[in-house]
Every structure is written in C-alpha cells, then in structure tokens.
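This report refers to the structure that appears directly beneath it.
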Amino acid sequence: MTKGGSRREGVRAFRLSAGLADRLRRRILGGEFGPGGRLPGNRELAAAYGVSVGSVREAIRELDAEGLVEVRPGSGTYVARDLRASWPPGGERPLDREQVEELIEAREVLEPRLAELAARRASAEQVEGLWRALERMQESISDPPAFAEADVGLHMAIAEAANNRFLMKATSDIRALLRRDMELSAEVGIRRAGTLQFSVDSHRRLVAAIAAGEPEKAVRIMSSILRRNRGFVTGLYSGGMAAEGSGEF
C-alpha cells in the first residue's frame, strides 16, 4: 500500500471510531443506555455497527475520556452513574474572552495548514463531500444555529481531506467549541448582512481552491475567513458588532 493510501486508511479508521462514538453518545444521553448500565461487548458493538473491534475500542476510549462511561477490566463498559456531572465536558459555562481568543488562535494555527494539505491530498470522493457540505451551508443561510452546524461539518470535512489522522483528531477534539465559535460568528454576520450568503460565497471559493489543487490560494482564503471570524467574535466580547478589517465579507 502506498504512503498516501495508508494515510487515508488511518483517517478513515479514525472517522469510523468518531462516528461510532457519536452514535453511542446519543444513545447514552437519550437514555437508551441508563446510568450504571452495561454496554454491549466490543465484539457485539462491532458486529452491530459494521466496524472493527479496534474502532469500537477507540470510540469507548473517547467516551471514557469524556466521563460518559467507565471501563472495568474483566467486567465490561458501564454508563456513568451521574451523567449530569460528566456531560458536557467542562460543564455548561460559556467561554470567557481569554478562552475565546485562545480558541481562535488555535484555529488560525491549525486550519490554514489543513486547507493547504487538503488542496494537495484530497481524493475525488472527499472533494465531493466538501461540495455537499457547502450545499448544507447554502440551505441554512438564514438560520444561525443550523448554519453553524453545517459550517462545522465543512471544516471537519476539510480536516478529513487533509488525510492526517492526528490533525483530524486535534480538530475533532475542539468540535463542540468550534460549533459555538461559528454560531457566534453567524449571529453577528446575519445581523450585519441579513443573510449568511457572504460566508457561503467565501467558503465556496475555498472549496474551489481545494478542488483545483491550489494550496497557496486555499491558505489565503482560509486565513481571510478566520480573520473575519476573529473580528465578529471578539467584537461581541468587546460590546460591538465586529472589528474593522476583519477579513472577507
């Protein structure tokens, strides 16, 4: 197998485990698996969801790290007895100004590089996925919460298209915070423009650059999108609508 093929397989394995973790998380939080209850065994889950036992183990590790489950060697995996104390990770408190700026800083370090790698490495299937994610953004241009969810989906798809499992993991780790950051930005954007079409347009240029295999252009567009996001979000924390010179509009 080629190095690129191995890399894509690694990212695909991570995507499967992350997807399984999401499905189990929903079942736990929805009450299907009650507090203190035992989950099905790893082999049983693997057969039920059509994934490898290794993917199940990774998904369980993620849920364990979040405090949703407890792994008891020789006994099995059990749902936490007090879900309110363990979910969401870190509690419901909103991020303060310093935390928001650190999150934005992390995105500015990580995401231009992801865009560059995606432009160099994305498969035809992954590019198709980017266009589909963009269409979901287009369908939500007047609904900030739905738009933020679609926006996160596109940025996660870019991370996947970078074909680096560790960068994908880093992006996945801040997914919940990423959604809140994007929702704040969408709220400001819709107040300024009445619609979020401007954001769809800039992301369309980004996807086109990735699809065309133009890494330098993809970096420039992603960086501009992130500057706009910084202006919108920090503007809220400063009591204003947005900072001037905040990237593409």
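The values are calculated or read from the model by the stated rules, or taken from the named source; none is laboratory data. Here the structure is a predicted model, which is why all the values come from computation and not from measurement. Counting neighbours? That spans all protein chains shown, and the Cβs are built from the backbone with ideal geometry, glycine included. These accessible areas exclude ligands, DNA and RNA; they are computed on the full protein's heavy atoms, side chains included. Shrake-Rupley method; radii C 1.70, N 1.55, O 1.52, S 1.80 Å.
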Residue 159 passes all but one of (1) in contact with a Ser or Thr (Cβ under 6 Å, 6 or more places away or on another chain); (2) without any contact (Cβ under 8 Å) to a residue 12 or more places away in the chain; which number fails? (2)
Being within 20 Å of residue 177 (Cα to Cα), modelled with pLDDT under 90 and open to solvent by 80 Å² or more (accessible area, probe 1.4 Å) is true for just one of 65, 59. Which residue is that? 65
Return yes or no: is residue 142 among the hydroxyl-bearing types (Ser, Thr, Tyr) and surrounded by fewer than 18 Cβ atoms within 10 Å (Cβ to Cβ)? yes
Any residue that is acidic (Asp, Glu), open to solvent by 60 Å² or more (accessible area, probe 1.4 Å), assigned to a loop (DSSP other than H, G, I, E, B) and at pLDDT below 90 - is there at least one of those in segment 31-48? yes
If we ask which residues in segment 169-186 are among the aliphatic types (A, V, I, L, M) and open to solvent by 10 Å² or more (accessible area, probe 1.4 Å), their number turns out to be 5
Flag if residue 15 is touching a helix residue (DSSP H, G or I) at 6+ places or on another chain (Cβ under 8 Å), at pLDDT below 75 and open to solvent by 50 Å² or more (accessible area, probe 1.4 Å): yes
Restricting to segment 70-89, give me the number of residues that are modelled with pLDDT under 90 and open to solvent by less than 30 Å² (accessible area, probe 1.4 Å). 2
Looking at 210, 190, 221, can you tell me which residue is surrounded by 16 or more Cβ atoms within 10 Å (Cβ to Cβ), over 20 Å from the mean Cα position of the chain (by Cα) and either β-branched (Val, Ile, Thr) or farther than 24 Å from residue 116 by Cα (or both)? 190
From 153, 129, residue being assigned to a helix (DSSP H, G or I), out of contact with any His (no Cβ under 8 Å at 6 or more places or on another chain) and open to solvent by less than 20 Å² (accessible area, probe 1.4 Å): 129
Any chance segment 115-122 includes a residue that's touching a Gly at 6+ places or on another chain (Cβ under 9 Å), open to solvent by less than 50 Å² (accessible area, probe 1.4 Å) and either at pLDDT 95 or above or outside any helix (DSSP H, G or I) (or both)? yes
